[in-house]
Amino acid sequence: MEFESEDAAKIFYDEYARRVGFVMRVMSCRRSERDGRILARRLGCNKEGHCVSIRGKFGPVRKPRASTREGCKAMIHVKYDKSSKWVITKFIKDHNHPLVVSPREARQTMDEKDKKIQELTAELRNKKRLCTTYQEQLTAFTKIVEEYSDQLSKKVQNVVSNLKEFESIDRELSQHR
């Protein structure tokens with residue numbers, strides 16, 4: 001499958017996850033070394049991997065809680081293609097845990113961090129749209145300023161040309177007196 005954008009691929013996989021009965025998680029990405037833009041993205045089940053307990057010098061840093069990670073391998077890998085599309089290059093369908101029957105139950109299994117991530121992702125998407133709009137407006141404004149500057153430059157050149165012509169005529173008149 002191909003998508004017009006990375007966001008379109010995320011939305012598709014998130015909707016697929018809800019229908020099937022799991023929660024989608026953005027896992028990793030590969031960026032261009034030249035300009036830093038994202039070239040590939042891995043999206044998967046939120047039960048991917050295993051929770052590593054964090055320990056401090058004097059024991060656990062926080063209260064232990066049940067891990068939501070179960071080492072699930074279900075995921076898709078999307079890659080930015082030469083055709084300027086995002087293409088699924090890998091799809092692992094199978095989960096190693098029971099899936100939640102209804103989407104409503106799936107959303108209830110999200111912990112607070114997942115909810116916050118989802119909220120911030122939506123906010124970031126909105127900010128990106130706003131930035132794009134501002135950039136378009138700024139580009140249009142810059143074009144108007146450049147056009148005005150060109151017109152002003154031509155007028156200044158005309159004034160200079162007229163002054164030179166006037167000086168030339170003035171010199172000729174001065175010589176005849």
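The values are calculated or read from the model by the stated rules, or taken from the named source; none is laboratory data. Because the structure is a prediction, the values reported are computed rather than measured. Cβ atoms come from the backbone with ideal geometry, glycine included; neighbour counts cover every protein chain shown. Only protein heavy atoms, including side chains, enter the accessible area calculation; ligands, DNA and RNA are left aside. Shrake-Rupley method; radii C 1.70, N 1.55, O 1.52, S 1.80 Å.
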Subset of region 1-53, residues touching a Leu at 6+ places or on another chain (Cβ under 9 Å) and polar (S, T, N, Q), comes to SER32
Testing VAL100 on (1) within 17 Å of TYR13 (Cα to Cα); (2) open to solvent by 70 Å² or more (accessible area, probe 1.4 Å); (3) modelled with pLDDT under 90, one condition comes back false. Which one is that? (2)
Those residues of region 20-52 which are modelled with pLDDT of 85 or more, open to solvent by 90 Å² or more (accessible area, probe 1.4 Å) and outside any strand (DSSP E or B), in sequence order: GLU33, ARG34, ASP35, ARG37
Go through region 1-17 and report how many residues are basic (Lys, Arg) and surrounded by fewer than 17 Cβ atoms within 10 Å (Cβ to Cβ). 0
